[in-house]
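The values are calculated or read from the model by the stated rules, or taken from the named source; none is laboratory data. Because the structure is predicted, anything quoted here is derived from the model rather than measured. Cβ sites come from the backbone with ideal geometry, for glycine too, and all protein chains shown count toward neighbours.
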Amino acid sequence: MISALYGCLWLLSRAIGWLCFRYRAVGSVPQQGGFLIASNHASYLDIPLLGCGIPRRVWYLGRHDLFTAPWLNGLLQALGWIPLRIGRLDRDAFGKAVSHIQAGKLVVIFPEGGRTMTGALKPGKPGIGVIVAQTGCQVVPAYIEGTFEVLPPGASWPSFHRVTVAYGAPIDFSSDTARLEGKAFYRHVSRTVMAKIAELGQVPTPGDWSANAGQRHDLAATPTAKSCNAE
C-alpha cells in the first residue's frame, strides 16, 4: 500500500513539475544498487522535484522538526523520510541511511545541512563522509536549479519558474580510504561532493565548512566582530 501511495505521489509531483515549472531532468541515477544522492538545498520543493526525476523509490534525510503532527510524521517516515537532528551526529538517522544503502536502496542527503538563505551554495558538512565511510557507497551529485526562485525561504506561495535537476556521474571514494581516515576522509568527501554539485550547476564552489567555522570563531573572539554582530 505504501509503495502504491509513493508511486501516486511520484506521478503527481512529476505532473505538477511539468505543468507549473517546466520541469526537466538532465542525466540519470543508476537503476540498481545502493547509492547516496547528494544535492544542494534551496527550497522545501527540493525533495519532491528531486525525487520525481528518479524512477526508483528514494529515502530522504531531512530535519526532524519539519512535521510535528504525529499521524503525518508517521506517514512520511513510512514513505521515506528519515528524521535527522541537525547540529550533531544523529547516529540513529545515519544508521537508518546506512542500512537502506546496504540493502540496495537510494538515500538522498543535503550536505549543506539546511536550506541556503541566499541561493548560493553553502559549505558541505562532514556527515556525508560518515555514511560513505560506513557503506563504501558511491555518491551521485545532483544540482537543483530554479527552486530558490520558485519558493525561497520565507515565501508563503510558489511562483512560476523553470526547474531543472541535473544528476552527475557517481563518485567513487574507494581509492581514498587507503590514504585517508576519520575526519580527514569526511572532509575530503564533503569537499569533493560540493565541488561536483557546483560544477553541475556551473556556480561557484563554496568554501570549506571547517575553515568557515574557524573563521567565524575567530571573528566572534574580537571586540569589533561582537559589536557588528550586536548591531
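General remarks:
- Any hit, the stretch 96-112, residues being of a type in the set (D, E, K, R) and closer than 20 Å to GLY53 by Cα: yes
- Residue match in the stretch 58-81 (condition: of a type in the set (Lys, Arg) and under 28 Å from ARG24 (Cβ atoms)): yes
- Screening SER3, SER13, SER99 for residues that are among the polar types (S, T, N, Q) and either in contact with a helix residue (DSSP H, G or I) (Cβ under 7 Å, 6 or more places away or on another chain) or under 23 Å from THR205 (Cα atoms) (or both) leaves exactly one candidate, SER13.
- Contacts under 7 angstrom Cβ, first residue in the stretch 89-102 being touching a residue at least 60 places away in the same chain (Cβ under 8 Å), partner part of a helix (DSSP H, G or I), 6 or more apart: ALA97/ILE131; ILE101/THR135; GLN102/THR135
- With respect to the conditions (1) exposed (fewer than 12 other Cβ atoms within 10 Å of the Cβ); (2) in a loop (DSSP other than H, G, I, E, B); (3) not hydrophobic (A, V, I, L, M, F, W, C), HIS161 falls short on a single one, namely (1).
- Residue within the stretch 53-74 that is in contact with a Gly (Cβ under 9 Å, 6 or more places away or on another chain), surrounded by fewer than 14 Cβ atoms within 10 Å (Cβ to Cβ), of a type in the set (Gly, Ala, Ser) and farther than 20 Å from PHE160 by Cβ present: no
- Residue match in the stretch 191-202 (condition: touching a Leu at 6+ places or on another chain (Cβ under 7 Å) and surrounded by fewer than 19 Cβ atoms within 10 Å (Cβ to Cβ)): yes
- Subset tally (residues that are surrounded by fewer than 18 Cβ atoms within 10 Å (Cβ to Cβ) and within 17 Å of LEU9 (Cβ to Cβ)) for the stretch 77-93: 3
- Any chance ASN40 is touching a strand residue (DSSP E or B) at 6+ places or on another chain (Cβ under 7 Å) and of a type in the set (S, T, N, Q): yes
- For ALA38: the one exception among (1) surrounded by 12 or more Cβ atoms within 10 Å (Cβ to Cβ); (2) more than 20 Å from TYR167 (Cα to Cα): (2)
- Residue satisfying all of: in the stretch 66-87; under 19 Å from GLY7 (Cβ atoms) and of a type outside the set (Phe, Trp, Tyr); nearest to the chain's Cα centre (by Cα) among these: GLY80
- Top-ranked residue in the stretch 137-158 [being in contact (Cβ under 8 Å) with a residue 12 or more places away in the chain and among the small types (Gly, Ala, Ser); ranked as surrounded by the most Cβ atoms within 10 Å (Cβ to Cβ)]: ALA142
- Residue list for the stretch 80-119, filter: modelled with pLDDT of 90 or more, touching a Leu at 6+ places or on another chain (Cβ under 8 Å) and part of a loop (DSSP other than H, G, I, E, B): PHE110, GLU112
- Pairs with Cβ under 8 Å, 6+ apart, first in the stretch 176-199 and at pLDDT 95 or above, second among the hydroxyl-bearing types (Ser, Thr, Tyr) and not in a helix (DSSP H, G or I): PHE185/THR177; MET194/THR205; ALA195/THR205; ILE197/SER39; ILE197/TYR143; ALA198/TYR143; ALA198/THR205; GLU199/THR205
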